[in-house]
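The values are calculated or read from the model by the stated rules, or taken from the named source; none is laboratory data. Not measured: the values here are computed from a predicted model. Neighbour counts run over all protein chains shown; Cβ positions are idealised from the backbone, glycine included. Calculation scope for accessible area: heavy atoms of the full protein, side chains included, ligands and nucleic acids excluded. Shrake-Rupley method; radii C 1.70, N 1.55, O 1.52, S 1.80 Å.
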Amino acid sequence: MHPCFIIRGADILVTMDDARREIKGGDVLVRDGVIEAVGTLLYDDDAQIVDGRGCVVTPGLVNTHHHLFQTLTRAVPDAQNALLFGWLQKLYPIWAKFTPDHIRVSAMIGLAELAFSGCSLTSDHLYLYPNGSRLEDTIDAANQVGLRLHAMRGAMSIGESDGGLPPDSLVEREADILNDSLRVIDAFHDPNPGAMIRVGVAPCSPFSVSQSLMRDAAILARDKGVMMHTHLAENDEDVAYSLEKFGCRPGQYAQDLGWTGSDVWHAHCVKLDVSEIELFAQTGTGVAHCPCSNCRLGSGIAPVRAMRDAGVPVGLGVDGSASNDASNLVSEARQAMLLQRVMNGADKMSPREALEIATRGGAQVLGRDDVGQIAVGMRADIAIWDVSDIESSGSWDPAALLLAGPTQVKHLFVEGKPVVKDGWLTTLDMARVLQQQSNLVRGLMDA
Ligand SMILES: [Zn+2]
């Protein structure tokens, strides 16, 4: 693709800018990966033209929670109908067999699926490192697929013999976790605008690491100026564990260990109560809302309406593919909209607000002020949706994409580069990757 192009004449350009402008016949001028102009009838001598007719154009979607390594363990029979803790115990022994190849191929599949669903920036939470696996196995996959990645260096340190859930073979020594976190931050974290790779610190959950690791990880993250992420208040068992082990609710636990602030976001938060929502709002602590995973594991409906009304930053997450089992982010946005309607009424979450959570909301949660909207000076992360086909037929309002619209993009640009073009991934030999995953999955089943 030419470094300068104009997306020309979109049926509707949904900018998600500060004024939430929607421009009929809208154009976007992109140069060197950055949005240079937004409007109508734009012209530039240098520019190639991308035809926007018959399309809705939106910012690239932002995914705030994933475990890309899980893509190779979808629909595992023994884990299909289990609750969270039992589900984990079924899957840990399979994950313990993973090698760097499993981690990398699994990530490539998950990232490709995200790209098709309009996602241009994803975080990933890799919390186990079996058989020589490293964070860079996922980073390598993102570089190949061409998505922006916030690779969170996850960790577990309390194994079965210490009363934890994971088998001892999947936990690490806490000193090793901190040392490797420093290593990957120094090697891969890019703090600059337009960064394709950022790194952060992410102990897995209150029930798989010690309180001292939570505290030390927060100190390390703040010393290095990187973000922090973990799972919190996912279901009733999770809250009961906190009350029994720590004598407090999850919000208090997080606050006591330094895990609140605008540099922190927590996955799920299904069970936050009114005072915890207030705490998150006051401290700017973010939430990764994962509606399909919460449904899949029967965890409940997160109080997203109350969080948004209180001012809590909320983004969307597809969560790991073992608990979704899809990585389709635009479908996730629709699910978020539907669940808030079940909980609060049909007038309490519009398709536009859900799309806002999936774009601007996610960017805010991940600490990015350079993506999440189509505005001058923003990076050119742009999704183009064909609304001339069956899914959008009969729609009076194609910009209400989450009510009637495609669940795959026509084109996806990341940093101005075409990652999906005419419905095809430009960056990977997908047939080869699918063959690799098929061989790896068969090997796991036979083991
Ligand atoms: Zn998760």
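Per-peptide packing, taken as the mean over residues of other Cβ atoms within 10 Å, places 405-411, 357-363 in the sequence 357-363, 405-411 from highest down. Among 256, 381, 124, the largest mean-square fluctuation in a Gaussian network model of the chain, built with springs joining Cα atoms closer than 10 Å, belongs to 256.
Per the Kirkwood formula on distinct C-alpha pairs, the Rh of the stretch 165-257 is how many angstrom?
Taking the inverse mean of 1/r over all distinct Cα pairs, the stretch 165-257 comes out at 14.4 Å.
Need one word for the stretch 249-296: rounded, prolate or oblate. Basis is the Cα gyration tensor (sqrt eigenvalues a ≥ b ≥ c); a/c below 1.5 gives rounded, then a/b vs b/c decides. List each step's numbers first, then the result.
Details: a/c = 1.97, a/b = 1.65, b/c = 1.19.
Here the stretch 249-296 falls in the prolate category.
Extent along the principal axes, Cα only, for the stretch 289-355: 31, 22, 22 Å, with the longest axis given first.
Apply the a/c threshold of 1.5 to the C-alpha gyration tensor of the stretch 78-125 and tell me whether it is rounded, prolate or oblate.
Details: a/c = 2.76, a/b = 1.57, b/c = 1.76.
Judged from the Cα gyration tensor, the stretch 78-125 comes out oblate (a/c at least 1.5, b/c at or above a/b).
To the nearest 20 debye, what charge dipole does the stretch 1-105 have about its Cα centre, counting +1 at the Cβ of each Lys and Arg and -1 at the Cβ of each Asp and Glu? Present the calculation step by step, with values, prior to reporting the outcome.
Numbers: 10 positive and 13 negative charges, 145 e Å.
The calculation lands at about 700 debye.
Average accessible surface for the chain: 37 Å² per residue, computed with a 1.4 Å probe over protein heavy atoms with every protein chain in place. Across the stretch 319-447, Cα-Cα pairs farther apart than 19 Å form 63% of the total.
For the stretch 222-326, the share of alpha carbon pairs falling in successive 5 Å distance bins from zero is 2, 13, 24, 25, 19, 12, 3, 0 percent.
Using the crude model of +1 on Lys and Arg Cβ and -1 on Asp and Glu Cβ, and no other charge, please compute the dipole size for the stretch 149-257 relative to its Cα centre, in debye to 20. Walk me through the numbers on the way to the answer.
Working: 9 positive and 17 negative charges, 98 e Å.
Dipole size: approximately 480 debye.
Only alpha carbons enter this Debye calculation for the chain, each as an equal point scatterer, and the log10 of I(q)/I(0) it gives at q = 0.09, 0.10, 0.12 Å⁻¹ is -0.53, -0.66, -0.96.
By the Stokes-Einstein formula, at 1.306 mPa s and 10 °C, the stretch 259-385 with its Kirkwood radius over alpha-carbon pairs has D equal to 107 µm²/s.
When peptides 184-190, 382-388, 41-47 are ranked by their average number of other Cβ atoms within 10 Å per residue, the highest-first order is 382-388, 184-190, 41-47.
Split the accessible area of the chain by element, probe 1.4 Å, and carbon with sulfur accounts for 50%. Packing here is the average count of other Cβ atoms within 10 Å per residue, and on that basis the peptides 74-83, 277-286, highest first, run 277-286, 74-83. Step through the table entries 348/410; 97/417; 24/410; 245/271, compare each Cα-Cα distance with 25 Å, and write down the pairs that go over it. Exceeds cut-off: 348/410; 97/417.
Cβ under 12 Å from residue 256's Cβ, residue 256 left aside: what net charge do those residues give with Lys, Arg +1 and Asp, Glu -1? If you can, show how the numbers build up before the last one.
Numbers: positive: 215, 249; negative: none.
Residues near residue 256 contribute +2 overall.
Summarising the amide proton neighbourhood of residue 124: residues at separation of 5 or more, or on other chains, whose placed amide H is nearer than 5 Å comprise 150, 151, 152. Spatially, the stretch 348-390 and the stretch 114-187 are offset by 26 Å when compared through their Cα centroids. Normalising by residue count, the stretch 54-141 has a Cα convex hull of 119 Å³ per residue. Calculated on the alpha-carbon coordinates, the convex hull of the stretch 1-86 measures out at 179 cubic angstrom per residue. What the phi angles of the stretch 364-375 give under the Karplus curve with 6.51, -1.76 and 1.60, with θ = phi - 60°, is a coupling list of 5, 4, 8, x, 10, 10, 10, 9, x, 8, 9, 8 Hz, glycine and proline written as x.
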